[in-house]
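Right, one structure below, let's go through it.
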Amino acid sequence: MNVFPRQPPRSRTSDGITIGMGWRKVGDDGQELCRLLDYVLGGVQTLKSSIQSGRRLDGKGEMKVDAVKLWCSGLYRDPADDDDDTSVDLKDAKDALRRMKDAKSLLSSVSKSLDDAIQTVTDDISSDCRATGLSLLPDDVLTDIFEKYVELSVEGEESFHSMFTPYMLASVCRRFRQIVFACSDLWKHVFLRFPETRLLALKDRCSNPIVHLGAEYKISHWESDKFAFVQPCQQWRELRLAYANGVLGHLYFERLKSLIQTPLESLERLSITNELKEAEDEEQTTPSPIYLDGDDLRTLSSWQMPNLIRLELRNVIPMAPLQCENVTSFSLRLYDHKEETLNMATFQNLLQSMPKLQSLSVSLNVSAGFDASSDTLLALPDLRSFDLQIKGPTSPTTVRRLRGLLRTEELTRLVLKFHEDQNSDDYLFLGWLYALVPYNSGPRQDSRFARFKKVEDFSVEIQCKAYEEFPFDDLFRALPNVQNVSMTLSESEHAVLFMNQTGRSSGLLQRLRSLRMKLPWAHPDDFADKMRDFEVFLGDRCCGDLELFQLELRQSCEVEPLKARLYDIIGEKLRWIRS
């Protein structure tokens, strides 16, 4: 038998199967492959017989499959034989190794061909499988899916696609059509730009619509009788009003003044947006104001909304309180603001008109600051959730005055988002942070620094430059009872500083139960030489009650070593997400 010396694995194809072998025989292509297949099949048959006799392949228990007897039964002599010579013939050993290695290469090739076949069949039937899967879903589940799809289609408020979404769903098949026409909520979005026939169809299908008056709709194109094709205003569940600037806004409110007769008993949500665009018909360009006053304010403040629970204002601040005493969720967003100052008393009176407020969300991207017209602490006894987003040129003083209005000691949920821009001043983020939490120069356990002492759920998003010193310790010292923390960080250095400071500072994160850390711009290599920080933090006794650690990094083929090391530290508590 001619045998080549050991060589690096090479590939050859026979009968459509590619195999790599350490030894190859010359001129024996098809026959060699057939003998190899017979060898593999013989081993599989022996394995089958062993399993049938009660043995196990996984090695558990005493009845274990003997791998040597399975693949090279003739190589070793049975010690029970009379012949005491148990030596192994070198040539037989080489032949056995060759067969086993060639068999392993063959099985790898067969496994690869099976993977390819699985992928091909999966690709060929994936569409049919999805359709079949949808057909197996019950009607109520399909209805939920359709409702979510419709909501996504109107996220842009004036999406052209939203006009046709229910019709598109109804055109798929008879069953879809039956579900779509049986669910009134799929037809709840009504845009005044719809033609009369469309408005009439929606009027028949949904008795409590969501009415959209969009900023892109030209006021001059309105037809006075358009509202006659919509349900009466007393039946509206939501009103979403958006206008391009104060000039157009005035025309909207003028038209709504004669249309809306109160009380609006069905209204649960009101959204008003001022896009702050320049008016096209003005001879001189003037800033579009955010403050609503005069006839427009009188129109809005006259609306009785006894069941309104959600109020959203974008670049709109009424100069007088509204009739919305049952609102539990209020959102205010100010951006591109050209006023010199923000009227604190007006904002305070607006909040005070919502005594049952439970959730407050404020987003600031303004250069103007609050004036000193008032600094009284608000009486909002039910306020438990505060969501604050700070961007661009917003000053720390503005943040500090806003925080001073609220009883932060009673909050149980806190969401902070800090977004610097390219033109931000140095250390602007630190100014924002210390406007919310006190700078700690005293004892670490001093209760004066626990400004958010009842907060259990905390989320922070930081998009700013990497500072050499990052005050995570001061931040979490203000949150002594936090249990669930979610962090979205723009720099991997932020994560390391967080691990260093909070893991090694006394008294921090004593009640931590879950930590979710999202690092969308970080690469696994960023942590290659910093794993010690993770090990110290996750193994620190201050995090001994940690039940969940979720880490999200960007997609990378080099992520497995990091994942394996973290799993060695905390085991099943680890949740791994690739963004």
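The values are calculated or read from the model by the stated rules, or taken from the named source; none is laboratory data. This structure is a prediction, so every number in the text was calculated from the model and none was measured. Ideal geometry is used to build each Cβ from the backbone, glycine not excepted, and the neighbour counts take in all protein chains shown. Just the protein is used for accessible areas: all its heavy atoms, side chains included, with ligands, DNA and RNA removed. Shrake-Rupley method; radii C 1.70, N 1.55, O 1.52, S 1.80 Å.
For the stretch 294-336, carbon and sulfur atoms together expose 44% of the accessible surface, with a 1.4 angstrom probe and every protein chain in place. On the beta carbon distance between S367 and D66, with R0 = 60 Å, the FRET formula returns roughly 0.15. The phi torsions of the stretch 31-39, fed into the Karplus equation with coefficients 6.51, -1.76 and 1.60 and a -60° offset, translate into couplings of 5, 4, 5, 5, 4, 5, 5, 4, 4 Hz, rounded to whole numbers, with Gly and Pro shown as x. With R₀ fixed at 22 Å, the C-beta to C-beta distance from W521 to L574 puts the FRET efficiency at about 0.55.
In a reduced charge model with +1 at each Lys and Arg Cβ and -1 at each Asp and Glu Cβ, the stretch 317-413 shows a dipole moment near 240 debye about its Cα centre.
Between the amide H of G369 and those of L342, distances stay under 5 Å, these residues lying 5 or more places away or on another chain, with hydrogens modeled in the peptide plane.
Please go through the residue pairs K391/K563; K453/K563; K148/K203 and name each one whose alpha carbons sit more than 24 Å apart in this structure. As for pairs spanning more than 24 Å Cα to Cα, those are K391/K563; K453/K563.
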